[in-house]
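Beneath this line is the structure, given in structure tokens, with notes to follow.
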Amino acid sequence: MNSDIPDPSDWIDSKLSGLKDVDETLRCHICKEFFTAPMITGCGHTFCSLCIQRYLTNTSQRCPTCMQEQQISQLRKNVTVETLVEHFSAQRATILRVVKEAAKQPIPEVVEPPSSPDLDDGRRRSGRKRTRTNYTETLVSSDDIQVECPVCQAMLPGAAINRHLDNNCNDTGANGGNWLGTKKKTKPLRKIQRVNQASESVANVRRKLQDEGLSTSGSKQTLFRRYDEWVTLWNANVDNKTPRSKSDIKDDLRRWETTVVANENAQPVKMTIKNIDDRQWVQKHKEDYDYLIEQARKSILKKKQEKEKEQQQQQEGHQKAVDRREDNEPDMKRSETEGYQVVS
Amino acid sequence: MSTTARRRLMRDFKRMQQDPPQGVSASPVADNVLTWNAVIIGPAETPFEDGTFRMVLQFDEQYPNKPPAVKFVSQMFHPNVYSSGELCLDILQNRWSPTYDVAAILTSVQSLLNDPNTSSPANVEASMLYKDHRQQYEKRVRDTVEASWTD
């Protein structure tokens, strides 16, 4: 059920558990996916273009991370992070596979080739062997990073892999994606202006919707919200390195109307939860709760064991340090006395 | 249908399975990813120690831009929990941020247990006992802990 959602926790228990933090850093704090068209706020936090625009438009004009005031006009592209995500996500499946395999075997299969002039810049620490594999390189050309889809084995640019997976590998050719290899020179897409509900007439918004080929039915509020969401979706798409087609964005808008908007008229969550009869609910879900209690208890035990192990290791380390000091002490004393003697 | 909210919730679920915070657990109910059951074990060295407090979380399609509604379905005695089981917790209301996930919500509720906010109590009696008659307060809490074992 969950195996198709790559998550930072995938690195836990692998030989490179530190990559969990790298993985997490390259993800949007709102959707928790790898950044799509990352935008940096005035306060220095980065989010997907769509996530942050949608949030600033509909929910609050504050940065979701530090709560400082933010406006859409302050957002700037974070090009370095975009490239980082591209490179990391292109290699992720391979690295994960390699480190998981390595975790099973005590001795790593792939060892450093005797000479690697491309990397040897003389700064490498001696004494510690680093492992490096060449087989990712066969998948990657330095110019246009092509990656293999872990599901259908199709080759496509790293930037397109997330969307490709989201579409269950069905997008190849279906919507004429830009990554198909035909490098057509297309006109750069332009962002569109938001409308101000206070100063814009309904007729104007209706005309704008019509110009874009969107539905013009619904109340005044519906029209404004539809256009607002259209601007959000469209402008986020423009920020994308590989923008999608207009009909794709129209599909997104339709999906938004049939899920988010349609559900606003449903019972608010507060009411749904109020109407729950506690006793009945607990009885109906007894098995679920028993299982959850077991899981929660296990997590306490696991953390306790980890802590004990850590303390033990620390103590052992401390003991070793003490032993070493004791071993050295006579020498030090001697040299101190010698030194003293020399001075006197 | 996979929507932004549902995909995010699947992600939250994966996180809860692979990297759960200590002493909490949660999962969506069988037929609806928008409704979750959750359990918080009362933290050690507090009156809530070892309680198995059951909760329900209700999300909607606006998650994570809007917080879920959260309530205890176990009996609670706490200054910030209404008799209905609903919580008065700032991060679930005006201080909500879309960066929070299920793990973050549950950790916040967990730390609220032993660190109540008595300035705007949801349960006046619990708040008064907590401030002025701590022993009686702890006794009442222990009662709910014992009750939680037989839920």
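List every residue whose amide H lies under 5 Å from the amide H of B:Glu86, counting only residues 5 or more places away in sequence or on a different chain, with H placed 1.01 Å from N in the peptide plane.
For B:Glu86, whose amide H was placed from the backbone, the distant partners under 5 Å are B:Phe72.
When only C-alpha pairs under 8 Å and at least 6 residues apart count, what is the relative contact order of region B:1-141, in percent?
Rounded, it is 21 percent for region B:1-141.
On average, how many beta carbons from a partner chain sit within 10 Å of the beta carbon of a residue in A:259-266?
Mean number of neighbouring Cβ atoms from other chains: 4.
Just the number, please: buried accessible area between B and A, total of both chains, 1.4 angstrom probe, nearest 100 square angstrom.
Counting both chains, the buried surface is close to 4900 Å².
Using Cα atoms only, what is the angle between the long axis of helix B:102-114 and the major principal axis of chain B, expressed in degrees (0 to 90) to the nearest 10?
Compared with the principal axis, the helix lies near 0 degrees.
Give me the dipole magnitude in Debye, nearest 20, for region B:67-151 about the Cα centre, with unit charges on the beta carbon: positive for Lys and Arg, negative for Asp and Glu.
Using Cβ point charges on Lys, Arg, Asp and Glu, region B:67-151 gives about 120 debye.
Along region B:19-30, what does the Karplus equation 6.51 cos²θ - 1.76 cosθ + 1.60 (θ = phi - 60°) give for ³J(HN,Hα), rounded to whole Hz, x for Gly and Pro?
9, x, x, 5, x, 9, 7, 6, 7, x, 5, 3
Take A:Ser245, project a point 7 Å from its Cα along the Cβ direction, then tell me which residues of region B:1-31 have their backbone nitrogen under 12 Å from it.
Residues passing the 12 Å test: none.
For region A:273-315, with all protein chains present and a 1.4 Å probe, just round the carbon and sulfur fraction of the accessible area to a whole percent.
That share works out to 46 percent.
Label A:Lys191 and A:Tyr291 with points 7 Å out from Cα along Cα→Cβ: what is the distance between them in nm?
For the pair A:Lys191/A:Tyr291, the computed spacing is 4.6 nm.
Kindly count the pairs of lysines across region A:2-104 whose alpha carbons are less than 25 Å apart, treating pairs on different chains or eight or more residues apart as eligible.
For region A:2-104, qualifying lysine pairs total 9.
In whole Hz, with x marking every Gly and Pro, tabulate ³J(HN,Hα) for region B:142-151 from phi via Karplus 6.51 cos²θ - 1.76 cosθ + 1.60, θ = phi - 60°.
4, 4, 5, 4, 5, 4, 5, 6, 10, 4
With each pseudo-label sitting 7 Å past Cα toward Cβ, what's the A:Gln315-B:Gln135 distance in nm, one decimal?
The two pseudo-label positions are separated by 3.7 nm.
What ³J(HN,Hα) values, in whole Hz, does the Karplus curve 6.51 cos²θ - 1.76 cosθ + 1.60 give for region A:190-196 when θ = phi - 60°, with x put for Gly and Pro?
In residue order, the calculated couplings are 10, 6, 10, 7, 6, 10, 9 Hz.
Determine the distance separating the Cα centre of region B:1-76 from the Cα centre of region B:81-131; give it in Å without decimals.
Rounded to whole Å, the Cα centres lie 15 Å apart.
What FRET efficiency comes out for the pair B:Tyr82/A:Lys284, r = Cβ-Cβ distance, R0 = 25 Å, nearest 0.05?
Once the sixth-power term is evaluated, E becomes 0.65.
Within 10 Å of each Cβ of B:50-62, how many other protein chain Cβ atoms are there on average?
Average per residue, whole number: 5.
Using the Cα atoms of region A:202-265 to build a convex hull, what is its mean projected area in square nanometres?
Computed as one quarter of the Cα hull surface, the answer is 4.3 nm².
Per-residue counts of other Cβ atoms within 10 Å, averaged by peptide: what ranking do you get for B:109-120, A:51-62, highest first?
A:51-62, B:109-120
Highest mean first, what order results for A:23-32, A:309-318, B:44-53 on Cβ atoms within 10 Å?
Output ranking for A:23-32, A:309-318, B:44-53: A:23-32, B:44-53, A:309-318.
Can you tell me how much longer the chain between A:Arg324 and A:Ala198 gets when fully stretched, taken as 0.36 nm per residue apart minus their C-alpha distance, in nm with one decimal?
37.7 nm
Quick check on packing: order B:11-19, B:32-40, A:287-295 by the mean number of other C-beta atoms within 10 Å, highest mean leading.
B:32-40, B:11-19, A:287-295
Probe 1.4 Å, all protein chains in place: accessible area of A:Trp230 in Å², nearest 10?
That residue has around 0 Å² of solvent-accessible surface.
The values are calculated or read from the model by the stated rules, or taken from the named source; none is laboratory data. Small disclaimer: the values here were computed from a predicted structure and weren't measured. Methodologically, a virtual Cβ is constructed for each residue, glycine included, from the backbone with ideal geometry; neighbour enumeration extends over all protein chains shown. Ligands, DNA and RNA are stripped out before the accessible areas are found, and what is left, the full protein with its side chains, is counted by its heavy atoms. Shrake-Rupley method; radii C 1.70, N 1.55, O 1.52, S 1.80 Å.
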